[in-house]
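A short worksheet on the structure shown next.
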Amino acid sequence: MTSDFHPQTAKRSWGRVVEAHHDVARPGSPEAAAALLPVLQDRGETGLPIGLGRSYGDSNLNPDGALIETARLDHYIEFDPDAGVLRAEAGVSLDDILRLIVPRGWFLPTTPGTRYVTLGGAIANDVHGKNHHLAGSFGCHLRRFTLARSDRGVLDIRPDSEPDLFAATIGGLGLTGLILDVELQLVPIRSACIDQHVEPLRNVDAFFDIAEARATDYEHTVAWIDCTARGDRLGQGVFSSGNWAASGGLEPHAAKAGPALPVDAPGFALNPLTLRAFNMVYRRVQLLKPQNSRVHYAGFFHPLDSIRDWNRLYGARGFYQYQSVIPFDTAREATREMLDRIARSGQGSFLAVLKTLGDRPSPGLMSFPMPGVTLALDFANAGTKTLQLMAELDALVKSSGGRLYPAKDGRISADMFQQGYPEWERVETLRDPALSSAFWRRVTS
Amino acid sequence: MTETRSPRKVLILGALSAMAAATARRLAAQGAEFVLTGRKADALEREANDLKARGAGSVSIQVIDLLETSRCDAVMDLAVEAMGGLDTVLVFYGILGDQAQAETDPQEAERIIAVNYSSAVHWVMAAARALEAHAGSSGVLLTASSVAGDRGRRSNFVYGSAKAGLSVLMQGLAHKWAAQDNAPRAVNLKLGFVDTPMTDGIEKGGPLWAKPDDIAAIAERALVKGGPNVYAPWFWRFIMLAIRVTPFFVFNKVNL
């Protein structure tokens, strides 16, 4: 490799299951970043852009190939605090952006459950948040972006000027080129606080009724599910909804994250007993809170960001995250069936999340969200039995017309992926020949 | 940290250094004004736009090779004019150089000394005069030196000797100012391992490696109080103390 790339032996994704050798470059400017693509092309190697590495499985890894880290593409280009238009380089994190824009009365059009993702990563995975039922996904709010390709150089990508690359890059897993900078329309807020409403969920049927009712009155909705509960308590949990508060100040979240998990938790820390205890306590604590309260956006949108390196909670073997979406007409049955399998397996996780996704279409060809119900949860990596359980869930998702979220995945079959994302072949045609990933090689083989 | 003073008027020598940029970002959020210097116009423009978006009061750029020491006073005057004053000068430029090459190629040794020390003498003196004239006791001159200057080691002693010179220069300036009324402050950061493009060829990782923003936080604090020597991060004070007191017959056996 040229001196731009440095070998790194044990690069892991957020789930920490896969560990592989990569040659890693950290270009210091957009120009230097763009210049790396022809270098890869000449060498007949592939690279993959990577932001903060929060994807869980193998969609952000390119074993024995190269990674282009966007950490140093962290400059703002222009911020218009009157119009709420932000232009920034692709490596700027949502964490950084919120600290800049919140004091000036603006917020991101939507935010995923962590602030520690870059703009590039937010586009490549077309992330969504608690307001999906109204706002759609991140890609719905892009005005334009700049894309570097090995074959065509640096391109200005707009919905009207380069419609194909615009659509293929949103949710395109970083494969259609290296995103250099992004222009985003922000949304106005009157305070940094959310008026939160919390209510108990008796079971999975109650989720469907409450979610439908709350979606009309609340901009943000999500449910936490106790995935150890069974029988008529199957899917019991807590439903939380929120709207931006009219007052409460414009203080952004604290610059420093909270304490880090210093070591890997031992393997025995997670077992059916501790899981059940955690879920029971968590539910009680949530329901002890006042039904209506005013909370800061950081606690509401990004609860896990207050613990750095929380992924070490699952021990040295790492964990899988499973996130599916199932269309509304089959969602009730399928969700009940999935939760039942998970509860019976005793493998569930600390936090399972259920949320309804809305019908605002994303411009992206391989965007994950679709109208329906999404379920997300972690499984500690217990080897074969974990893979077995996820394979059973796959079959349910597939037969219900659903699909899985590539950002969370490190194992699904090509067949499963291709059925969920029929437009994948168009993305493959538009892929930059110098870019690839472990995920992409698996699901297109 | 919020200061109760009016926003700073900052001249940065070597504004393209990762640590300078990180420090500038923190000051920009407080509304500081800037004059950025460096050799690459495009890259300075990029920093300037970033600082403006982050809240900087004004940002102008001066494209200059800092080895051109004949321009020191002119650059100070330009900065004073651009910002309507000057109260903070940050000296962040420097190179690591190649120790092995410096041992056989006098030009490489000369380059390391010229960038890290002899040119810095000119800039520090010019900045000291400008701060005395325009800022008085509200002025701060901050330099980025290195723990490599605390004891000569076989892996980087040419670089280390230049940084030792810079540290002593700043120590002396601080001593001079301490005896004067209404004098600016001199602060010298002694940096340990920092994860910047300058150190990209070195295997990184472990608790000793700091991020540019960690250093920026220390610099931001050092602009307000402390000094004249500030180890960054703090633990290097004790590491270097141990290294300095190690007797020669032991030290000579250690490959550092």
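The values are calculated or read from the model by the stated rules, or taken from the named source; none is laboratory data. What you see is a predicted model, and the numbers here were worked out from it, not measured in a lab. Here Cβ is always computed from backbone atoms with ideal geometry, including for glycine, and neighbour counts include all displayed protein chains.
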Does the stretch A:254-270 hold any residues that are modelled with pLDDT of 65 or more and surrounded by 14 or more Cβ atoms within 10 Å (Cβ to Cβ), and which are they? A:Asp264, A:Ala265, A:Leu270
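Yes/no per residue for (1) of a type in the set (Val, Ile, Thr); (2) closer than 16 Å to A:Ser55 by Cα; (3) buried (at least 20 other Cβ atoms within 10 Å of the Cβ):
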position	(1), (2), (3)
A:Asp82	no, no, no
A:Val85	yes, no, no
A:Leu100	no, no, yes
A:Trp106	no, no, yes
A:Thr118	yes, yes, yes
A:Gly121	no, yes, yes
A:Asn125	no, yes, yes
If A:Pro63 satisfies every condition in (1) within 14 Å of chain B (Cβ to nearest Cβ); (2) under 19 Å from A:Lys408 (Cα atoms) but one, which is the exception? (1)
Taking A:Ser161 as meeting all but one of (1) at pLDDT 95 or above; (2) surrounded by fewer than 23 Cβ atoms within 10 Å (Cβ to Cβ), write down the number of the exception. (1)
If you go through the stretch A:2-18 one residue at a time, do you hit one that is more than 25 Å from A:Asp126 (Cα to Cα), touching a residue at least 24 places away in the same chain (Cβ under 8 Å) and in contact with a Leu (Cβ under 7 Å, 6 or more places away or on another chain)? yes
Restricting attention to the stretch B:198-210, and to residues there that are within 15 Å of B:Ser146 (Cα to Cα) and in a loop (DSSP other than H, G, I, E, B), which single residue is nearest to the chain's Cα centre (by Cα)? B:Trp209
Restricted to the stretch B:39-50 and to residues being touching a Leu at 6+ places or on another chain (Cβ under 8 Å) and closer than 26 Å to A:Val182 by Cβ, the residue surrounded by the most Cβ atoms within 10 Å (Cβ to Cβ) is B:Glu47
Of (1) of a type in the set (A, V, I, L, M); (2) touching a residue at least 24 places away in the same chain (Cβ under 8 Å); (3) closer than 27 Å to B:Asp98 by Cα; (4) loosely packed, with under 15 Cβ neighbours inside 10 Å, B:Val250 fails just (2)
Right, A:Pro7: more than 23 Å from the chain's Cα centre (by Cα), within 13 Å of another protein chain (Cβ to nearest Cβ) and buried (at least 19 other Cβ atoms within 10 Å of the Cβ) or not? no
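Hey, among A:Gly44, A:Gly15, which residue is on the phi < 0 side of the Ramachandran plot and either touching a His at 6+ places or on another chain (Cβ under 7 Å) or away from every other protein chain (no Cβ under 14 Å) (or both)? Let's see the steps before the verdict.
On the way: A:Gly44 fails: on the phi < 0 side of the Ramachandran plot.
When all the criteria are applied, what remains is A:Gly15.
Yes or no, residue by residue, for (1) more than 16 Å from the chain's Cα centre (by Cα); (2) assigned to a helix (DSSP H, G or I); (3) not aliphatic (A, V, I, L, M):
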| site | (1), (2), (3) |
| --- | --- |
| A:Ala71 | yes, no, no |
| A:Ile77 | yes, no, no |
| A:Leu86 | yes, no, no |
| A:Leu98 | yes, yes, no |
| A:Ile101 | yes, yes, no |
| A:Pro112 | no, no, yes |
Of all the residues that make up the stretch B:100-116, how many are surrounded by fewer than 22 Cβ atoms within 10 Å (Cβ to Cβ) and within 17 Å of B:Gly165 (Cα to Cα)? 6
Please enumerate the residues belonging to the stretch A:98-141 that are within 14 Å of chain B (Cβ to nearest Cβ) and among the aromatic types (Phe, Trp, Tyr). A:Trp106
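Which members of the stretch A:30-42 meet the condition of being crowded, with 19+ Cβ neighbours inside 10 Å and either under 17 Å from A:Asn62 (Cα atoms) or among the acidic types (Asp, Glu) (or both)?
Result: A:Leu36, A:Leu37, A:Leu40.
Given the criteria in contact with a helix residue (DSSP H, G or I) (Cβ under 9 Å, 6 or more places away or on another chain) and within 12 Å of chain B (Cβ to nearest Cβ), does A:Arg54 qualify?
No: the conditions fail for A:Arg54.
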Scan the stretch A:20-29 and give yes if some residue there is surrounded by fewer than 19 Cβ atoms within 10 Å (Cβ to Cβ) and assigned to a helix (DSSP H, G or I), otherwise no. no
Which residue is surrounded by the most Cβ atoms within 10 Å (Cβ to Cβ), if the candidates are limited to the stretch B:222-247 and must be β-branched (Val, Ile, Thr), in a helix (DSSP H, G or I) and out of contact with any Lys or Arg (no Cβ under 8 Å at 6 or more places or on another chain)? B:Ile239
(1) at pLDDT below 95; (2) over 30 Å from A:Gln41 (Cα atoms): which one isn't true of A:Arg190, the others all being true? (1)
Would you point out which residue out of A:Glu31, A:Glu78 is within 14 Å of chain B (Cβ to nearest Cβ) and either in contact (Cβ under 8 Å) with a residue 60 or more places away in the chain or touching a strand residue (DSSP E or B) at 6+ places or on another chain (Cβ under 6 Å) (or both)? A:Glu78
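Restricting the search to the stretch A:117-126, which residues are among the hydrophobic types (A, V, I, L, M, F, W, C) and either at pLDDT below 95 or closer than 16 Å to A:Arg143 by Cα (or both)? Give the steps one after another, and end with the answer.
Within the stretch A:117-126, the first condition is being among the hydrophobic types (A, V, I, L, M, F, W, C), and the residues that meet it are A:117, A:119, A:122-124.
The answer is A:Leu119, A:Ala122, A:Ile123, A:Ala124.
Name the strands (runs of 3 or more DSSP E) wholly within the stretch A:135-254 that hold at least 2 residues that are free of Cβ contacts under 8 Å to residues at least 12 places away in the same chain and touching a Cys at 6+ places or on another chain (Cβ under 6 Å)? Give the derivation first.
Working: elements: A:142-149, A:153-157, A:178-185, A:193-201, A:220-225, A:237-244.
Counting at least 2 such residues, we get no strands (runs of 3 or more DSSP E) at all.
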